[in-house]
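Only one structure is covered here, and it is reproduced in the block below.
The values are calculated or read from the model by the stated rules, or taken from the named source; none is laboratory data. Predicted, not measured: the structure shown is a model, and the values here were computed from it. We place every Cβ from the backbone using ideal geometry, glycine too, and count neighbours over all the protein chains shown. Just the protein is used for accessible areas: all its heavy atoms, side chains included, with ligands, DNA and RNA removed. Shrake-Rupley method; radii C 1.70, N 1.55, O 1.52, S 1.80 Å.
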Amino acid sequence: NNEKSVPQILTRDLKFEKSLAKLMFSPDQENHPSKAPVKYGELIVLGYNGSLPNGDRGRRKSRFALFKRPKANGVKPSTVHIACTPQAAKAISNKDQHSISYTLSRAQTVVVEYTHDSNTDMFQIGRSTESPIDFVVTDTVPGSQSNSDTQSVQSTISRFACRIICERNPPFTARIYAAGFDSSKNIFLGEKAAKWKTSDGQMDGLTTNGVLVMHPRNGFTEDSKPGVWREISVCGNVFSLRETRSAQQRGKMVENETNQLQDGSLIDLCGATLLWRTAEGLARTPTVKHLEALRQEINAARPQCPVGFNTLAFPSMKRKDVVDEKQPWVYLNCGHVHGYHNWGNKEERDGKDRECPMCRSVGPYVPLWLGCEAGFYVDAGPPTHAFSPCGHVCSEKTTAYWSQIPLPHGTHTFHAACPFCAHQLAGEQGYIRLIFQGPLD
C-alpha cells in the first residue's frame, strides 16, 4: 500500500477564501434591519440538521430566537406564605399571580408568591403545548427522519421544564431556572420532589428529572473545552449532579458557579439537549450562506470516485435526507471518499462492513451529509471531517469539540454524539479526516 497513492484533501483557492471571509463576517442584512428588536440569543435543539423532520411549525421547531418583548413579563419572588392545609395553599395561589408551592408534608405547604419584574423578560420551555410555553420541545430520537419515529417513546421531558429570564437592559444577561409556570401561573413541587429550606429561610427544590447545564470553558470558539455538568434548582442555584436523574437526594451546592448562560452553554431537559447561543456569538458564527459557499467550493473542485472516476457532489442543503446518485460516500476506518458502489461487501460481517478498494481497510461505508445547522460550528473552517458512524461533515475543530462532550443519555449515562443527528459517536475519536481524490485531468 504505497503512501504516495493516498490522495490528499483538495487544496483551497485563496481568492475564494478571501471572498468567503468577507461574506462570512459582513452582518447579515436580512437579520439586522435598522430597527430590529433586541435579540437575546437562540436555543438550538441538538439532533436536528437545520429543521425538524416534518418541518418547523409554530412553537415547535429546531431553533428558537429570544427577542426583547414589547412589554416586560418577568417575575421575581415576593411574599412567602406557610399554609397548614392543601386548601389554604390553593387559596393563596391566586390564578392571577405567579407562585411556587412546595408541599413539605400533608400538613404543611409553603407558597412563595412572585411579583411582576419590569426589568426582565421570561421565556418558558417544555413539552406542553399550553400557552405559557414559548418553545415546545419533544424527545430527540437519534437519527429519526420523521416525527412518527418519536411518538411511541414515553417522554421524560417535563411539561413545564424550565424558564429563562433575560435582563431587558445591556448586557442582556440570561439566567436559567428549573421548572416553568403552568396555565394557572403555578409551579407545584409535590411531596416526592427534592426540596429544602435555604440558610436564609427561603425555599428551593429540584424537578423530577432535573435541568442540567454545562458551560464550556473558553466560550464557544475554536479553543472551547467541555465544562462540568451541573444541576440547576427552581430558584436558579447550582448543584453537583444527583446519583441518578430523579434521586431524592440533591447534590452539593456549588457556591462559585451561577445559572447565567454563556455562549455555548448546553441545557439538558432529560430527553432533549439545547445549545444556547448569544446574539454576539451568533454574529461570529458562519451563516447558512457561508456553508452553502463551502459546499459549492468543494463541488467546484470536482472530487472523483477513485474507482468509478465519476464526479461526486454534495447535494443542496434542502435535499439533506435523500441519497443522491452523485453523493460522496466514505469508508469510516480510513476516510477515503468514493461514489456509491456495491463491491467489497464482507458477508461474514452482516454486510455492514466493506473493504476500501484504495487501502483494503475494512469498516462501515456510509453516505456523507453536510452539517447544515450553522449554530453548531465553533469556527468557519472548511468541511474536511466527518462524524462516525453517521457521516455528517463539518470543520475539523467542530468535530473535535463535539466528540469530547459527554451528553446526558437516559437517566444516568453520558456519551458523545453528533450534534446534527444525535447518533452516539463510534470509533477511537468519533470522527475521521476525509481524503478526496481530485479530478485526474
Would you be able to tell me the number of residues in segment 338-359 that are part of a loop (DSSP other than H, G, I, E, B) and either within 25 Å of A313 (Cβ to Cβ) or modelled with pLDDT of 90 or more (or both)? 10
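How many residues are within 14 Å of A161 (Cβ to Cβ) and not in a strand (DSSP E or B) if we restrict to segment 208-245?
Going residue by residue through segment 208-245, those that are within 14 Å of A161 (Cβ to Cβ) are 208-213, 231-234, 245.
Still in the list and also not in a strand (DSSP E or B): 208-210, 233-234, 245.
Residues that pass the stated criteria total 6.
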Identity of the residue in segment 302-326, closer than 26 Å to R360 by Cβ and of a type in the set (A, V, I, L, M, F, W, C), that ends up most open to solvent (accessible area, probe 1.4 Å): F309
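With the structure loaded, tell me whether R57 is under 29 Å from C390 (Cβ atoms), open to solvent by 70 Å² or more (accessible area, probe 1.4 Å) and modelled with pLDDT under 70 or whether it fails that test.
Working: under 29 Å from C390 (Cβ atoms): yes; open to solvent by 70 Å² or more (accessible area, probe 1.4 Å): yes; modelled with pLDDT under 70: no.
No.
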Go through segment 231-257 and report how many residues are at pLDDT below 95, among the small types (G, A, S) and surrounded by fewer than 17 Cβ atoms within 10 Å (Cβ to Cβ). 1
For segment 156-187, give me each residue that is in a strand (DSSP E or B) and under 20 Å from V238 (Cα atoms). C162, R163, I164, I165, C166, E167, A174, R175, I176, Y177, A178, I187
Looking across segment 32-78 at residues that are outside any loop (DSSP other than H, G, I, E, B) and of a type in the set (D, E, K, R), the single one that is nearest to the chain's Cα centre (by Cα) is R63
Here the residues within segment 374-395 that are open to solvent by less than 10 Å² (accessible area, probe 1.4 Å) and within 19 Å of V322 (Cβ to Cβ) are A386, G391, V393
